[in-house]
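See structure below.
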Amino acid sequence: MRSYGQYCALARGLDVVGDRWTLLIVRELLSLGPSRYADLQRGLPGIATNLLATRLREMESAGLVVRMQLPRPANVVVFALTPRGAALEGALRELVKWGAPTMSPPSAHEEFRAHWLQLPLRGLCRDNAPGSPPQVVRVGSLDDGCDIAVDGGSIEVAASTPTAEPAAVVDGDPGALVALFTGQLPIDAAASAGMISGDVEAVRRVVGGYPAGMPHLKEALP
């Protein structure tokens, strides 16, 4: 691990997390929880397998990640964030806000995974009907998605689970998903385009505002 050689908290922090892919590995573990090596590879398209192994070793040495064996019947090795690694969530959420103005429609060569929306949605969603019964809105699919659980004014966004019973499922073109949850694509238009299945009002309940400076996505509808 290279060092900037500067007696500065920012420089020392970047000594640990400034290498390419490190923060995206943190994103995956914040989104998915303890994950197998193969799960991390699927969520990090473009990373070479030897580079992923190197980054995980470096993150273990830095105290950001721990490797552990799950008990039977799973009996697999997974990687999980330590408390120090999980403490990076605040920094990542600020980077998400800072990067939001760049989210014009995706180009043809850009990859997308629905579970990458977890961190943005934790800041974007809100409970617009706190007096209503608890509900779950799924974004994406059970295999690759996130569940927005809303109850009594609070919002929790986590990886999709088979035990959840979503009132509505939202899926579609990545640019359209971003436009919907940033308030640039009307919910009724998304429903008419076939992006929403189930209770449209459940989606209306959780969609909040959008960050200042967010570009207008003129071609968001598929």
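Before moving on, here are some points about what is shown:
- Using the Cβ-Cβ distance between F112 and V77 with R0 = 22 Å, the FRET efficiency computed as 1/(1 + (r/R0)^6) comes to roughly 0.20.
- Annotation for T49 and S3: the two label points, set 7 Å from Cα along the Cα-Cβ direction, are 3.4 nm apart.
- For G208, the residues 5 or more places off, or on other chains, whose built amide H falls under 5 Å of its own are R126.
- Three semi-axes of the equivalent ellipsoid, segment 9-102, Cα gyration tensor, whole Å, largest first: 23, 15, 14
- Here's the picture: charge each Lys and Arg Cβ at +1 and each Asp and Glu Cβ at -1 in the chain, and of G90, G5, V76 the one pushed furthest to the positive end of that dipole is G5.
- Trypsin sites (Lys or Arg not before Pro), loop per DSSP, at most 14 other Cβ atoms within 10 Å - longest free stretch of the chain: 21-217
- Ordering G131, S107, F181 by Cα displacement along the dipole of segment 107-181 toward the positive end leaves G131 in first place; charges were set at the Cβ atoms of Lys, Arg (+1) and Asp, Glu (-1).
- Cut-off 19 Å (backbone N to label point 7 Å along Cα→Cβ of R36), residues of segment 150-179: 159-163
- Given the chain, longest segment not containing exposed loop chymotrypsin sites (Phe, Trp or Tyr not before Pro) (DSSP; at most 14 other Cβ within 10 Å): 8-222
- For segment 114-206, the convex hull spanned by the alpha carbon atoms encloses 82 Å³ per residue.
- Annotation note: GluC sites (Glu not before Pro) in segment 100-194 located in DSSP loop regions with a Cβ neighbour count of at most 14 within 10 Å are E110, E111.
- In whole percents, the pair-distance distribution calculated for segment 74-153 from its alpha-carbon pairs, binned every 5 Å from zero, is 3, 11, 15, 18, 21, 17, 10, 4, 1.
- Dmax and Rg, reported as Rg then Dmax, of the chain (C-alpha, Å): 18.5, 56
- Rounded accessible area per residue of the chain, 1.4 Å, Å²: 54 Å²
- Note on A164 and S192: with the Förster distance fixed at 30 Å, the Cβ-Cβ geometry gives a FRET efficiency of about 0.70.
The values are calculated or read from the model by the stated rules, or taken from the named source; none is laboratory data. What you see is a predicted model; the values in this text were computed from it and never measured. Note that we place each Cβ from the backbone using ideal geometry, even for glycine, and neighbour counts take in every protein chain shown. What goes into the accessible areas is simple: the full protein's heavy atoms, side chains included, and nothing from ligands, DNA or RNA. Shrake-Rupley method; radii C 1.70, N 1.55, O 1.52, S 1.80 Å.
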